[in-house]
1. Keeping to region 1-15, report how many residues are at pLDDT 90 or above and either surrounded by fewer than 16 Cβ atoms within 10 Å (Cβ to Cβ) or not hydrophobic (A, V, I, L, M, F, W, C) (or both).
2. Please enumerate the residues belonging to region 20-52 that are within 19 Å of the chain's Cα centre (by Cα) and free of Cβ contacts under 8 Å to residues at least 24 places away in the same chain.
3. Can you tell me how many residues in region 17-48 are touching a Lys or Arg at 6+ places or on another chain (Cβ under 6 Å) and charged (D, E, K, R)?
4. Which residue is surrounded by the fewest Cβ atoms within 10 Å (Cβ to Cβ), if the candidates are limited to region 136-170 and must be at pLDDT 90 or above and in a strand (DSSP E or B)?
5. What are the residue pairs meeting all of these: first residue in region 93-112, first residue at positive phi, second residue open to solvent by 20 Å² or more (accessible area, probe 1.4 Å) and among the basic types (Lys, Arg), Cβ atoms under 7 Å, and 6 or more apart or on different chains?
6. Tally up the residues in region 38-51 that are out of contact with any Cys (no Cβ under 7 Å at 6 or more places or on another chain) and either closer than 18 Å to PRO105 by Cα or at pLDDT 90 or above (or both), please.
Amino acid sequence: MKLILIEDEPRMADALEELLRQEGYDVDCFFRGDDGLAAICGGQYDGAILDVMLPGLSGIEVAAGCRKAGVRTPILMLTAKSELDDKVLGLDAGADDYLTKPFHPRELLARVRALCRRGLPLVDDRLCVGDLALDTKSLTLHCTATGQSVHLSEKECRVLEYLLANQTQILSKEQLAVKIWGYENEAEYNKVEVYISFARKKLAFVGSRVEIKAVRGAGYELRWERGK
């Protein structure tokens, strides 16, 4: 998935960009609000992360400019300010979510994941890719081509949700381990392989054309036969 980050403080921008890239996101970084607005309006992004205090245009002005131009990219606003009025201004300008500095990296990543899901194809609150529909609330995987459904374990569901949400990315075993088992859990790589195997069996059970492909030396990638 492709994100745009607009943050004028170099150290913060570098840290956020590295964090997001480690999670498998493709990130374009800008330091001025006016440059960022031009990039959002002229590009295709799955999500935008904006600081409120920016040179050129403020984050609030960038959000408002996006919505005025008809850009529907989901927006997460970051600010050191915690006053209610600032949050209201940002949301009223068109932001989808708001996070106050300082914040924990895991919370930021969770907000970004939720933000990007808003831009993915949804049917009845299900995450849909190819011929698959994943309902993360009921832990159910459904194939629209065959009509078959299957119940998932919580970990199987999280593995598939992460792959579907990052459908254009190759995800490493480390990324999957951190995502599913957390930073503080030293999950071994064989756990990832086991749950990838489980997920593949569920895809085969429902008869989906979506496949989880192993990319030698890199990780796993979601692929499917488009147009059939």
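1. Here is the first cut: in region 1-15, the residues at pLDDT 90 or above are 3-15.
Going one step further and asking which of them are either surrounded by fewer than 16 Cβ atoms within 10 Å (Cβ to Cβ) or not hydrophobic (A, V, I, L, M, F, W, C) (or both), we end up with 7-12, 14-15.
Total meeting the criteria: 8.
2. Hit for region 20-52 is ARG21, nothing else.
3. Residues meeting the conditions: 2.
4. Filtering first and then ranking leaves HIS151.
5. GLY94/ARG67
6. Looking only at that region, the number is 6.
The values are calculated or read from the model by the stated rules, or taken from the named source; none is laboratory data. Bear in mind the structure is a predicted one, so any value in this text is a computation, not a measurement. Methodologically, a virtual Cβ is constructed for each residue, glycine included, from the backbone with ideal geometry; neighbour enumeration extends over all protein chains shown. The area values use the complete protein model at the heavy-atom level, side chains included, leaving out ligands, DNA and RNA. Shrake-Rupley method; radii C 1.70, N 1.55, O 1.52, S 1.80 Å.
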